[in-house]
Amino acid sequence: MPQPSSPHAEVRNTQSDRQAYHKPRTSIGAAGHWVTTAGILAPLVIGEPVRNPEQRWRWIRISAVAAALISEGMWAHRI
């Protein structure tokens, strides 16, 4: 029996041995994508209107916690 040309050739030929492709941010749909995007862009958006550094960091922390809670809530609802 001929040997495969590379050590991974046999794994590529069997579909059942492969791990499923998993993208956790898109598994909760478009809404999950927008929540993640809003969480990433929040510091930029908050930094423009809020000039006081203490208030700016306070609102950035609040937005990070809010985005995480919304994302986790959407994930829990999906499950």
- Message: If each residue of separation counts as 0.36 nm, what is the full-extension length gain between ARG58 and VAL45 once their alpha-carbon separation is subtracted?
- Response: 3.3 nm
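Determine the gain in length on full extension of the stretch TRP34-ALA76; use 0.36 nm per residue of separation and subtract their C-alpha separation, reporting nm with one decimal.
Going from the current span to full extension adds 13.4 nm.
Rule-based calculations on the coordinates, nothing more; no lab input. Everything numeric in this text was worked out from a predicted model, so none of it was measured.
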